[in-house]
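**Student:** Below is the structure I would like to discuss, written out as structure tokens.
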Amino acid sequence: MKKLISLVRNVHSRQSQTKLNWSAQVRFLQQDTVSKPKPKKYKYPSFYDPYGPRPQPSSKIVELAERIAALSPEERKQIGPALNEHLRLPKQQMISTQGMMSVGAKQDAGAGKVEEKKEKTSFDVKLEKFDTAAKIKVIKEVRAFTSLGLKEAKELVEKVPVVIKQGLTKEEANGIIEKIKAVGGVAVLE
């Protein structure tokens, strides 16, 4: 029994000695000055998609993509203009280069004169100004021949002068201009 008690005391004293040594080591390694806490490391995703995961494309879309990839580069260049024409999307407007002096701009101006001699087949309707009393009527009329909502049509009308409709025949454009004049606006062909 005495041997058991002495054994327990020896084991207990050894454990307490290691605790003392360990705590002394820890205190010894601590810095005297207060250090700044390390910044948190966040795990960022490899890419950011604000709309969440997208569904898999349908088999029709996959087949269409494969057919487009099989086309020659010349044929691929024709896809964009053909889709714009087929879907009747508005024409892309040129950015104004007013005040920019370059050799390339002078050459483009010469080429533009040759194109003006050709007869124009598609026209744009541009709202120049309107009577402030007839603003609501003009907005309603703009909504009638565009697929815009009330807010979008109002913002469009407030940006005067602005192109309202693009890619129209001359008859369609003249009809729209007459309707806008009837409600108190001034529109022109471009």
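The values are calculated or read from the model by the stated rules, or taken from the named source; none is laboratory data. Worth saying up front: this structure is predicted, and the values here are computed from it rather than measured. Reconstructed Cβ throughout: ideal geometry from the backbone, glycine too, with neighbour counts over all protein chains shown. Keep in mind that these areas ignore ligands, DNA and RNA; they rest on the heavy atoms of the full protein, side chains included. Shrake-Rupley method; radii C 1.70, N 1.55, O 1.52, S 1.80 Å.
**Student:** With a 1.4 Å probe and all protein chains kept in place, how do PHE47, PHE130 rank by accessible area, largest first?
**Tutor:** I get PHE47, PHE130, largest accessible area first.
**Student:** Students sometimes get this wrong: rank ILE61, ILE177 by accessible area, probe 1.4 Å, all chains present, largest first.
**Tutor:** ILE61, ILE177
**Student:** Which of the trypsin sites (Lys or Arg not before Pro) found in the stretch 141-183 are loop residues per DSSP with 14 or fewer other Cβ atoms within 10 Å of their Cβ?
**Tutor:** Passing sites in the stretch 141-183 are LYS159.
**Student:** What number comes out for the charge environment of GLY80, summing +1 per Lys or Arg and -1 per Asp or Glu over other residues with Cβ under 15 Å away?
**Tutor:** +1
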